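Student: Quick one: the structure is below, questions incoming.
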Amino acid sequence: MGIGDRPVPEFDDFARELATLVGGRYAMVNFIDEKRQYFAGLYSAVADTTVDMSTSAAEPGRVMARDHGYCPHVIVRRRALVLEDVRDFPRFAGNPVVDEIGIHSYLGAPLIDRTGTALGTICVVDPDPQPWGHEGLKIIKSMAARLVQRIERSEISVTDRRPTTG
């Protein structure tokens, strides 16, 4: 699809909307390959702006190792994941994003297209525990479905412009 190797302004806007809806400090539209995660959409409420390609210890950048964070777990599970305080879950508490970036809350959902392929994830993270609960789960799942529809519509419009033969 050509997504996952460059920032996409529409995904940055989507991440901003997602963070606003659930009240998280950071939000991402994430595409994962064998070695890394790429945040094609990234928002930081700290600066109330989309995050640029530069990175610092206090801000997540656009690229993260595959074994960092929780989105790879969401891809494998193929289900949304709510961790209101990751430190309460031994399986997740030792993840490098807890110590290196200070992330303590995670809310994420897979982006699964009409063929059943997991394209990536959307997520919201925060350095403070967040009571996202069932309402947060409902929002993240709804927003994931909405983004998949937008991605699929753009594929269809590209396909519809191809000349037909025969």
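Student: Out of segment 88-99, which residues are surrounded by fewer than 17 Cβ atoms within 10 Å (Cβ to Cβ) and either assigned to a loop (DSSP other than H, G, I, E, B) or in contact (Cβ under 8 Å) with a residue 40 or more places away in the chain (or both)?
Tutor: Answer for segment 88-99, where residues must be surrounded by fewer than 17 Cβ atoms within 10 Å (Cβ to Cβ) and either assigned to a loop (DSSP other than H, G, I, E, B) or in contact (Cβ under 8 Å) with a residue 40 or more places away in the chain (or both): PHE89, GLY94.
Student: Which residues, counting only those in segment 43-62, are assigned to a strand (DSSP E or B) and either of a type in the set (Asp, Glu) or modelled with pLDDT of 90 or more (or both)?
Tutor: Looking only at segment 43-62, we keep the residues that are assigned to a strand (DSSP E or B), and these are 43-44, 49-50, 56, 59.
Once the filter is applied, which keeps residues that are assigned to a strand (DSSP E or B) and either of a type in the set (Asp, Glu) or modelled with pLDDT of 90 or more (or both), segment 43-62 yields TYR43, SER44, GLU59.
Student: Can you find a residue that is under 20 Å from PRO129 (Cβ atoms), at pLDDT 90 or above and surrounded by 13 or more Cβ atoms within 10 Å (Cβ to Cβ) anywhere in segment 29-42?
Tutor: Checked against the condition, which is being under 20 Å from PRO129 (Cβ atoms), at pLDDT 90 or above and surrounded by 13 or more Cβ atoms within 10 Å (Cβ to Cβ), segment 29-42 yields no hits at all.
Student: Six or more apart or on different chains, Cβ atoms under 6 Å: show the pairs whose first residue is in segment 104-130 and polar (S, T, N, Q) and whose second is exposed (fewer than 15 other Cβ atoms within 10 Å of the Cβ).
Tutor: Pairs found: SER105/PRO129.
Let's see how each residue does on (1) modelled with pLDDT under 90; (2) farther than 23 Å from SER44 by Cα; (3) open to solvent by 30 Å² or more (accessible area, probe 1.4 Å); (4) in contact with a His (Cβ under 9 Å, 6 or more places away or on another chain):
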site	(1), (2), (3), (4)
LEU119	no, no, yes, no
ILE122	no, no, no, no
PRO131	no, no, yes, no
GLY136	no, no, no, no
VAL158	yes, yes, yes, no
GLY166	yes, yes, yes, no
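The values are calculated or read from the model by the stated rules, or taken from the named source; none is laboratory data. This is a predicted model, so every value here is computed, not measured. Methodologically, a virtual Cβ is constructed for each residue, glycine included, from the backbone with ideal geometry; neighbour enumeration extends over all protein chains shown. All accessible areas refer to the heavy atoms of the entire protein, side chains included, with ligands and DNA or RNA removed. Shrake-Rupley method; radii C 1.70, N 1.55, O 1.52, S 1.80 Å.
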